[in-house]
Structure formats: C-alpha cells, structure tokens
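The values are calculated or read from the model by the stated rules, or taken from the named source; none is laboratory data. None of these values were measured; they are calculated from a predicted model. Glycine gets a Cβ as well: all are built from the backbone with ideal geometry, and neighbour counts include every protein chain shown.
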Amino acid sequence: MPTMPYLHFQGDCARALTFYAEVFGGTDLQTMKYADGPEAPTAWKGSDRIMHGQVTLGGGTLMASDYPPGVEGHPQAGFSVMQTAPDVPTARAAFDKLAVGGAVIDAFKPTFFSPGFGMVKDRFGTHWIISAMPAG
C-alpha cells in the first residue's frame, strides 16, 4: 500500500498542482471542483475550489484539495514533501523554481549525503525538501 502526500490549500489548489506539474514534469493532472461533486450543497455551487486533485510526479502521486468553500484552514503546516532528482542540475532547477515567491529554508548546496540538497517553502505554503541522487 503506497503512501501518498495529500496537500490542502485555501483556494489555490488548481494553480499549485499546475505549478508542481511544470516544475517536476508531472503528468496526468486531474482536478474536480466542489461545485461539480454529486449532491453538492447550494453553498458550493459556482465555487472554483478543488474537491480533489492529483498529479503524477516521477513514480508517485501527489494529491491535493482546497478546504471546502467557507472553511478556513492552514495549508501545509508541519511537514515537507521530499522530491529526489536524478542529478544536481535537475534538483537545482526545481529548487530555484519553487523558491520564486517563496522562502528558502536551507540554501541549496552539497552535503555529506547528497551532492545537492535544499529546503524551501513555495509561494503556496508547501515545504519541499529537494535532493539530488548521489553519483554512481
């Protein structure tokens, strides 16, 4: 049984998943709005918020949704999503794209366990750990 991260947003889930697909070369991006759900309450009609979305990133699936219309929440508090790249240039490119409009937590650099490693909070509030695979 695989473990799949499920992120929650406050109205920008569709933009976030589209961005992650661009950054990581994701495929099979899918979204469903609360308004399109079966038996959607009247309060949800016309809402652009995402009830469920997902994108394939590498060998895994990243799932996400917005909080329901009218519900407040704190996106991505207390955890990070780990993404491993095959090499340093690929890892660095992803890190740099995620950092635009976000905040660097730990600058991208070589470490004893990775030739390229960094931690960043993106503009959507998601914390990422980006690491390059060790050579050979």
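Annotations
- Options 90, 126, 42: the member that is farther than 15 Å from residue 20 by Cα and not charged (D, E, K, R): 42
- On inspection, residue 120 fails the criterion of being modelled with pLDDT of 95 or more and in contact with an Asp or Glu (Cβ under 7 Å, 6 or more places away or on another chain).
- Looking only at region 56-72, and only at residues there that are buried (at least 17 other Cβ atoms within 10 Å of the Cβ) and of a type in the set (Ser, Thr, Tyr), the one that is farthest from residue 24 (Cα to Cα): 67
- Sole residue being within 17 Å of residue 123 (Cβ to Cβ) and touching a residue at least 12 places away in the same chain (Cβ under 8 Å), chosen from 86, 68, 75: 75
- Residue count, region 2-59 (criterion: of a type in the set (Ser, Thr, Tyr) and under 13 Å from the mean Cα position of the chain (by Cα)): 4
- Residue within region 36-49 that is outside the structural domain of residue 91 (by TED's automatic domain parsing), without any contact (Cβ under 8 Å) to a residue 60 or more places away in the chain and within 25 Å of residue 101 (Cα to Cα) present: yes
- Top-ranked residue of region 73-100 - restricted to ones that are assigned to a helix (DSSP H, G or I) and in contact with a helix residue (DSSP H, G or I) (Cβ under 9 Å, 6 or more places away or on another chain), ranked as surrounded by the most Cβ atoms within 10 Å (Cβ to Cβ): 98
- From the list 90, 56, 31, 18, the one residue that fits, being in the same structural domain as residue 108 (by TED's automatic domain parsing) and of a type outside the set (Gly, Ala, Ser), is 90.
- Condition check for residue 45: modelled with pLDDT of 95 or more and of a type in the set (Lys, Arg): no
- Members of region 109-119 that are surrounded by 17 or more Cβ atoms within 10 Å (Cβ to Cβ), among the hydrophobic types (A, V, I, L, M, F, W, C) and farther than 28 Å from residue 10 by Cα: 117
- Identity of the residue in region 1-55, among the small types (Gly, Ala, Ser) and surrounded by 18 or more Cβ atoms within 10 Å (Cβ to Cβ), that ends up nearest to residue 94 (Cα to Cα): 26
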